Amino acid sequence: MREKVVEKTFEALFALEDLRELLRKTAPFDLTKEQVKEAKKILAKVRKTLDEIDGELK
Amino acid sequence: MVQTAGGFEVRAKEELFINLEPLQRGGVMPAEARKAALSYIDGYSTCDYCEGTLHLIKKPPIADFLGEVAEFLGMDFAILTNGCREAKFAVMHAITKPGDAIVVDANRHYTSYVAAERAGLTVYEVENTGHPYFQIKPGGYADAIEKVKAETGKLPSLVLLTHVDWIYGNLVGAEKVGKICEDYGVPFLLNTAYSSGRMLINGRDLRADFITCSGHKSWAAGAGTVGILAIRKEWTEKVIKPSEGYKIKPIEILGCSARGSSTIALMASFPFVKERVKHWDDEVKKARWFSSQMEALGDIKQLGDKPHNHDLIRFETPAFDKIAQKHKRKGYFLYDELLKRKIAGIKAGKTKAFDLSTYGLTKEQLKYVVDSFKDIINKLS
């Protein structure tokens, strides 16, 4: 269990780094439609990973 | 902005602002390197599988990485240091004796001088050409070497050239200085803190005996500080001399240098750096475009090489200094106005002259910066 939770914790953190990268590359402008789509894709990945962690903790 | 548990404000300069700080642009890390550094954030994280000294570690593959770096720089050997300054000092300490003379350029970073001072050396300078270009002419090195010879009866023990300086961003013809050093038989140290990692450098072509690099300035490696010392093989025995008491530990870097996430950041950024140096010409084009747009605003003059050959640019800016004379915030108005427009990196209070870097920014971002400067002039002149 612990190994999976640790792996997924890093996976979620790394996905958030991808979101951070998007924010860095586009500062200080508002995100375009394409960029919002990309951000949402990252968020979906983070949510899925967090759900997997949650599942392991039950 | 949210606070971290330690009470520090989260630093989100790259996420919220266009950051023009010349010290920082080349050290902005790509996502993959931040991920790697994050998991190696604990102290001595590189040393789980220690081989006795940092540069020999196989897991993570530090030893292989240093082999690749030496090849990338056109040198024979590379070792990690805590920064570029430590690399310069290591060479000076290893190959000179206190009281020896060395030749450096007048545009050198202060750490070149301080390193020489710590090693007990006398510094002879190659002057720059003065306002407005402030260039270092390679031929000045022959004159300085002759001066050392005439005054001390000996050749200098070392010549140091700042490939690109930190004030004007001037790029010096290093191969010409290398040729002069070769002709005199004087070892040549090329400080590439603002060049390698941004542009392709080949030490063999430049006839450099030593190349010093800054990970956090130009190799997209943050997470602390880290440098590289690259050496030609004829110098390795002298510069990478082991301790007598600890045979595996090189004396000049006190055994091991950057023992943690900064080394991992440097390694993880390396594929990104190898790719980005191929696009250096585009960076120069952007810098030149930006410089011309700034000058077109009026009462602004770019200093240093013209046309410019680097992203680090210094401007004389009477246009802003005139506003500062009458503004209630004096010279601080510019910093405030830029911050309002989400632009950071120009030092607070500077309006007579300032420097900035365009490195890694998009044309859209740079156009926004130019428009912001224009807007400030129109609003406050």
Of B:I79, B:I18, B:I102, the only residue that is crowded, with 22+ Cβ neighbours inside 10 Å, closer than 17 Å to B:L254 by Cβ and either within 14 Å of chain A (Cβ to nearest Cβ) or at pLDDT 95 or above (or both) is B:I79
Scan (1) of a type in the set (F, W, Y); (2) more than 15 Å from B:I18 (Cβ to Cβ); (3) within 14 Å of chain A (Cβ to nearest Cβ) for the single condition B:Y368 breaks and write down its number.
-> (2)
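Listed here are the residues, each with its yes/no results for (1) in contact with an Asp or Glu (Cβ under 8 Å, 6 or more places away or on another chain); (2) closer than 23 Å to B:L161 by Cα; (3) touching a residue at least 24 places away in the same chain (Cβ under 8 Å); (4) not in a helix (DSSP H, G or I).
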{"position": "B:Y194", "(1), (2), (3), (4)": "yes, yes, yes, yes"}
{"position": "B:G222", "(1), (2), (3), (4)": "no, no, yes, yes"}
{"position": "B:I228", "(1), (2), (3), (4)": "no, yes, yes, yes"}
{"position": "B:G245", "(1), (2), (3), (4)": "no, no, no, yes"}
{"position": "B:S257", "(1), (2), (3), (4)": "yes, no, yes, yes"}
{"position": "B:I264", "(1), (2), (3), (4)": "no, no, yes, no"}
{"position": "B:E275", "(1), (2), (3), (4)": "no, no, no, no"}
{"position": "B:K285", "(1), (2), (3), (4)": "no, no, no, no"}
{"position": "B:F290", "(1), (2), (3), (4)": "no, no, yes, no"}
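Matching residues to (1) assigned by TED's automatic domain parsing to the domain that holds B:T236; (2) under 20 Å from the mean Cα position of the chain (by Cα):
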position: B:Q24; (1), (2): no, yes
position: B:K59; (1), (2): yes, no
position: B:E68; (1), (2): yes, no
position: B:N82; (1), (2): yes, yes
Just checking, which of B:E237, B:E182, B:E252 is of a type in the set (D, E, K, R), over 28 Å from B:I313 (Cα atoms), in contact with a strand residue (DSSP E or B) (Cβ under 8 Å, 6 or more places away or on another chain) and part of a helix (DSSP H, G or I)?
-> B:E182
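Table: residues versus (1) surrounded by fewer than 23 Cβ atoms within 10 Å (Cβ to Cβ); (2) at pLDDT below 95; (3) in contact with a Phe, Trp or Tyr (Cβ under 6 Å, 6 or more places away or on another chain).
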{"residue": "B:V177", "(1), (2), (3)": "no, no, yes"}
{"residue": "B:G185", "(1), (2), (3)": "yes, no, no"}
{"residue": "B:G203", "(1), (2), (3)": "no, no, no"}
{"residue": "B:F210", "(1), (2), (3)": "no, no, no"}
{"residue": "B:A230", "(1), (2), (3)": "no, no, no"}
{"residue": "B:W235", "(1), (2), (3)": "yes, no, no"}
{"residue": "B:V239", "(1), (2), (3)": "no, no, no"}
{"residue": "B:T263", "(1), (2), (3)": "no, no, no"}
{"residue": "B:V277", "(1), (2), (3)": "yes, no, no"}
If we scan segment B:30-49, do we find a residue that is closer than 30 Å to B:A348 by Cβ and either within 20 Å of the chain's Cα centre (by Cα) or in a loop (DSSP other than H, G, I, E, B) (or both)?
-> yes
Assess whether B:V91 counts as being of a type in the set (A, V, I, L, M, F, W, C) and in contact with a Phe, Trp or Tyr (Cβ under 8 Å, 6 or more places away or on another chain).
-> yes
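The values are calculated or read from the model by the stated rules, or taken from the named source; none is laboratory data. Everything numeric here is computed off the predicted structure, so don't read it as measured data. Note: ideal-geometry Cβ built from the backbone for every residue, glycine included; neighbour counts use all protein chains shown.
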